[in-house]
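Here the structure is laid out as structure tokens; the discussion comes afterwards.
Readers should treat all values here as calculations from the given coordinates under stated rules, not as data from a laboratory. Predicted model only: the values in this text are computed from it and were never measured. Neighbour counts run over all protein chains shown; Cβ positions are idealised from the backbone, glycine included.
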Amino acid sequence: MKSSAAEFYRTMCGLTQAIVYTRPGGEPMDLPSGVAEAAGMLDERTRAGSKLMFIGNGASAAISSHMATDFWKTGGMRALAFNDPAGLTCIGNDFGYPHLFEKPVEMFADPDDVLVAISSSGRSENILRAAAAAKAKGCLVLTLTGFAPENPLRAMGDGNFHVPVDSYGQVEVLHHSICHCLLDTIVASRRG
């Protein structure tokens, strides 16, 4: 069997160069500038005592759990992910799946906290409702999306990373790498 590893990584390198960060209103920035801006926002908020809340479905939920742990363990920032199975099944059963992340955000978000909303399509209703709830509570919303650039989640963010490809695996890998890059950038700035 001929390996497609070389092609896979060529594609991933190209996609890394194609990631776009946008501010509200759609003003684009390249990836390094976007990472610097988003890391600065996260650093400023967490230094002031605000917390990071991570949400996502499926693989994005796994990224959320991993990154919430890394942000508090490695970065010393208050961070959590709303991915506890008992909580998810309770909220899904009692309120319905569209409210899965909206209800915890309504309960636990404080003004000036940051919601990191990860969604490959940017169209998941439960993520969109949580982003709206976070905005209503006075939180900053950072989005990581893929697929169509005009997805609704991207339009809701105060900062938005978009991976321009329609492949879940590629989007998820790059979302995970963006989160690690943000954390590494913050940790390096705090040491410097």
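For the chain, the number of Lys pairs with C-alpha atoms closer than 22 Å, counting only pairs eight or more positions apart or on separate chains, is 6. Set against the labelled values [x] 0.94; [y] 0.97; [z] 0.99, Rg/Rh (Cα atoms, Kirkwood Rh) computed from this structure falls on [y].
Going by neighbour counts of Cβ atoms within 10 Å, the residues Met41, Met53, Met156, Met107 line up, fewest first, as Met107, Met41, Met156, Met53. Each of His99, His175 was scored by other Cβ atoms within 10 Å of its Cβ. Arranged with the fewest first, they read His99, His175. What you get for the chain, charging only the Cβ of Lys and Arg (+1) and of Asp and Glu (-1), is a dipole of about 260 debye around the Cα centre. Subtracting the Cα-Cα distance of Tyr168 and Met12 from 0.36 nm times their residue separation leaves 54.9 nm of extension gain.
For the chain, the relative contact order comes to 24 percent (Cα pairs under 8 Å, sequence separation of at least 6).
In the chain, helices alone account for a calculated mean residue ellipticity at 222 nm of -17000 deg cm²/dmol, with every DSSP H run of four or more residues adding -39,500 (n - 2.57). With the charge dipole of the chain set up from +1 on Lys and Arg Cβ and -1 on Asp and Glu Cβ about the Cα centre, the Cα lying farthest toward the positive end among the listed residues Pro111, Gly49, Phe147 is that of Gly49. By other beta-carbon atoms within 10 Å, ranking Asp113, Asp84 with the fewest at the front produces Asp84, Asp113. With no solvent and one point per C-alpha, what does the Debye sum give as log10 I(q)/I(0) for region 66-116 at q = 0.17, 0.23, 0.31 Å⁻¹? After summing over all Cα pairs, the log10 values are -0.58, -0.90, -1.14.
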